[in-house]
Amino acid sequence: MNVNVTSPFSQLDTLESVGIKTFVEKLKEIQAFPLKSGDHINIMQINIGKVCNLSCKHCHVEAGPQRTEIMSQEIMAQCLQVMNDHQIKTLDITGGAPELNPNHQWLIRQATEINRHVITRCNLTVLNDKNYAHLPEFYAEHKVEVVASLPYYTQKNTDRMRGDGVFQSSIEVLKQLNKLGYGREGSDLKLNLVYNPGGAFLPPAQQGIEADFRRNLLDQYGITFNSLYAIGNFPVGRFLTFLQKSGNLQPYMEKLVAAFNPETVSGVMCRDQISVSWDGYLFDCDFNQMLNLSCKPKHISDCKAEDLNGREIAVHNHCYACTAGSGSSCGGAVV
Amino acid sequence: MDTYYNPADLAKFSTMGEEAPDLWQKFMAYYGAVFENGALTAREKALIALAVAHAIQCPYCIDAYTQGALEKGANEAQMTEAIHVACAIRGGAALVHGVQMKNVAKKIGF
Ligand code: SF4
Ligand code: SF4
């Protein structure tokens, strides 16, 4: 199948071609190079496939319906084994749309059986498909934390990024999740939302935008949630292509560099996690995965504690998106 | 110089500190403090700045505060309303000066 995907090498070339101080130089300036992971890894984030029912404009994975990469049950089992062997407490499932992997539920069942905290990242709309409509109840039953993307609290801004009808569809699913107790006060079912900027600009302060989401979603739709994560757009994948084509690459990178905040460096997510690709290769984070910046333990089948912990992180210029302003991670702002 | 306004010039703003560094530093410290969260939120201030930028028709400020307002979480509906506020005040100010016209006309007329 002919899939139009940017090669990781040309992405790295592009990131290198921008006239900015490199991220490595910046880290050296503050005596933070080489950047190393912590003494213990708490999160394993696995990307179980690049297939998605949406094709969002900011997607660093370049996921979409035409993609075919899907993690096998065998690789999932190896991930669980490593989590077990190294006491990695949290399994963070991402994609594409993880639901489209036929072994997604198997993975969740197995992980909860070994008492791991499970997070599944969800684009919401996929749960409106009748083939996946049973999943909210399955998530509730297994106490899965749902991290749902909703780039903005209005239809116009959301649909512009993710496609026509996405906002309305997301609202319906959020109501359903609320009905099951997700994101409701006093309930232990966690529903966190993710904001992304609608273009080449930095995310606002998390607290302020969270308050806006809370007020608007409650007033207009009666929807509640636990927290909002304000996550910046990373110059990787489809968003990198957008930056290039729209003439925003240089100014956006300059903006990220100007907003570099040294205080975020110790809290960047790669220091506390390991990321696994659909075919079992290991990376410091999902962004490095898409850029094919491999890390020391190469494959899940051969992963030792001494390689995971205190490993040197493969940083590059896209890392500026993790350290701009209050910082950005899969769990929102860093400081 | 092809045009009086060049987007690249915005990045040269700090060169205004070259001949008068003390004044520049004072201005920048004041400027920074003005835009912090206070009795008004940083977003409300960014929207006011955007409206004023349109009233004074400064392309540098329009560029900077369009981005600034978005980065404070504002949306285009809010930004458009802010510009209408500028427009209403500018238009209203023109119109209310019509009273002066009337005063003058009355004074010199029969
Ligand atoms: S951003 Fe998420 S929902 Fe959108 S295309 Fe990428 S993986 Fe799919
Ligand atoms: S982009 Fe990845 S490797 Fe770079 S700082 Fe962020 S989490 Fe770490």
- Of all residues in the range A:160-193, which are open to solvent by 10 Å² or more (accessible area, probe 1.4 Å) and within 14 Å of chain B (Cβ to nearest Cβ)? A:Arg160, A:Met161
- Message: Take residues that are open to solvent by 80 Å² or more (accessible area, probe 1.4 Å) and under 23 Å from A:Gly198 (Cβ atoms) and tell me which of the helices (runs of 4 or more DSSP H) falling wholly in the range B:30-110 contain 1 or more.
- Response: B:42-55, B:76-96
- Item | Matching residues, the range A:130-172, being out of contact with any Cys (no Cβ under 8 Å at 6 or more places or on another chain) and among the hydrophobic types (A, V, I, L, M, F, W, C) | A:Ala133, A:Leu135, A:Phe138, A:Ala140, A:Val144, A:Leu150, A:Val166, A:Phe167, A:Ile171
- Task: Please go through the range B:48-89 and pick out each residue that is within 18 Å of A:Asp212 (Cβ to Cβ), touching a Phe, Trp or Tyr at 6+ places or on another chain (Cβ under 8 Å) and more than 12 Å from every other protein chain (Cβ to nearest Cβ).
- Result: B:Leu50
- Look through the range B:19-29, keep the residues that are of a type in the set (A, V, I, L, M, F, W, C) and in a helix (DSSP H, G or I), and return whichever of them is farthest from the chain's Cα centre (by Cα). B:Leu23
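Residue-wise test of (1) without any contact (Cβ under 8 Å) to a residue 24 or more places away in the chain; (2) under 18 Å from the mean Cα position of the chain (by Cα); (3) closer than 30 Å to A:Lys304 by Cα.
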{"residue": "A:Ile209", "(1), (2), (3)": "yes, no, no"}
{"residue": "A:Leu243", "(1), (2), (3)": "no, no, no"}
{"residue": "A:Ala259", "(1), (2), (3)": "no, no, no"}
{"residue": "A:Gly280", "(1), (2), (3)": "no, yes, yes"}
- Item | Residues being closer than 21 Å to A:Arg121 by Cβ and either assigned to a loop (DSSP other than H, G, I, E, B) or within 10 Å of another protein chain (Cβ to nearest Cβ) (or both) - total across the range A:150-159 | 5
- Go through (1) loosely packed, with under 11 Cβ neighbours inside 10 Å; (2) touching a residue at least 12 places away in the same chain (Cβ under 8 Å) and name the single condition B:Glu19 misses. (2)
- Members of the range A:120-149 found to be assigned to a loop (DSSP other than H, G, I, E, B) and either under 24 Å from A:Gly331 (Cβ atoms) or free of Cβ contacts under 8 Å to residues at least 12 places away in the same chain (or both), listed by number: A:Asn123, A:Leu124, A:Lys130, A:Asn131, A:Ala133, A:His134, A:His142, A:Lys143, A:Val144
- Do we find that A:Gly19 is open to solvent by less than 40 Å² (accessible area, probe 1.4 Å), touching an Asp or Glu at 6+ places or on another chain (Cβ under 9 Å) and away from ligand 1 (no atom under 16 Å from the Cβ) in this structure? no
- Message: Report every pair of residues separated by at least 6 positions or lying on different chains whose Cβ atoms are under 6 Å apart, first residue within the range A:323-335 and more than 10 Å from ligand 2 (Cβ to nearest atom), second of a type in the set (Val, Ile, Thr) and not in a loop (DSSP other than H, G, I, E, B).
- Response: A:Val335/A:Thr264
- Task: Would you please name the residue that is surrounded by the fewest Cβ atoms within 10 Å (Cβ to Cβ), looking only at residues in the range A:57-115 that are polar (S, T, N, Q) and within 16 Å of ligand 2 (Cβ to nearest atom)?
- Result: A:Thr90
- Task: Return the only residue of A:Leu177, A:Leu193 being within 23 Å of A:Glu141 (Cβ to Cβ), among the aliphatic types (A, V, I, L, M) and not in a helix (DSSP H, G or I).
- Result: A:Leu193
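The values are calculated or read from the model by the stated rules, or taken from the named source; none is laboratory data. Keep in mind the model is a prediction, meaning the values are calculated, not measured. Virtual Cβ from ideal backbone geometry, glycine too; neighbours counted across all protein chains shown. To get the accessible areas, we keep the full protein, side chains included, count just its heavy atoms, and leave off ligands, DNA and RNA. Shrake-Rupley method; radii C 1.70, N 1.55, O 1.52, S 1.80 Å.
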